[in-house]
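Q: This structure is in structure tokens; I'll ask about it shortly.
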Amino acid sequence: MKNIKRKTFEVRIDKNLCKNCFICLNVCPKKVFDLDDKYEVYIKNQDECIGCKLCENLCPDFAIEVKES
């Protein structure tokens with residue numbers, strides 16, 4: 001039987017562009033994002049990303065990038 005490797009994705013937030021609108025936090029089906037103690041978005045569950053790119057496509061500031069790793 002073949003070993004089937006699950007695709008993995010890397011999510012990056014450009015903090016210089018991000019204005020913390022929370023769109024990514026609200027649209028992510030896998031809860032990859034969370035808020036820190038300053039109420040700023042950060043990547044909490046990188047390994048959960050399924051590469052749907054909702055966050056990247058809906059970010060109004062082009063601050064998020066999702067790449068297959």
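Q: Within region 17-28, which residues are of a type outside the set (A, V, I, L, M, F, W, C) and either on the phi < 0 side of the Ramachandran plot or touching a Leu at 6+ places or on another chain (Cβ under 6 Å) (or both)?
A: Passing the criteria: Lys19, Asn26.
Q: Can you tell me which condition Lys31 does not meet? The list is (1) at positive phi; (2) basic (Lys, Arg); (3) in contact with a strand residue (DSSP E or B) (Cβ under 9 Å, 6 or more places away or on another chain), and all the others hold.
A: Answer for Lys31: the failing condition is (3).
Q: Let me ask you something else. Of the residues that make up region 3-11, is at least one without any contact (Cβ under 8 Å) to a residue 40 or more places away in the chain, touching a strand residue (DSSP E or B) at 6+ places or on another chain (Cβ under 8 Å) and part of a strand (DSSP E or B)?
A: Keep residues of region 3-11 that are without any contact (Cβ under 8 Å) to a residue 40 or more places away in the chain, which gives 3-6.
If we keep only those that are touching a strand residue (DSSP E or B) at 6+ places or on another chain (Cβ under 8 Å) as well, we get none.
The answer is no; no qualifying residue exists.
Q: Just to be sure before I move on: is Phe62 in contact with a Gly (Cβ under 8 Å, 6 or more places away or on another chain) and of a type in the set (Phe, Trp, Tyr) in the structure I sent?
A: Spelling it out, it is not the case that Phe62 is in contact with a Gly (Cβ under 8 Å, 6 or more places away or on another chain) and of a type in the set (Phe, Trp, Tyr).
The numbers here are math on the coordinates, done by the rules we state, and not lab data. Because the structure is predicted, anything quoted here is derived from the model rather than measured. Cβ sites come from the backbone with ideal geometry, for glycine too, and all protein chains shown count toward neighbours.
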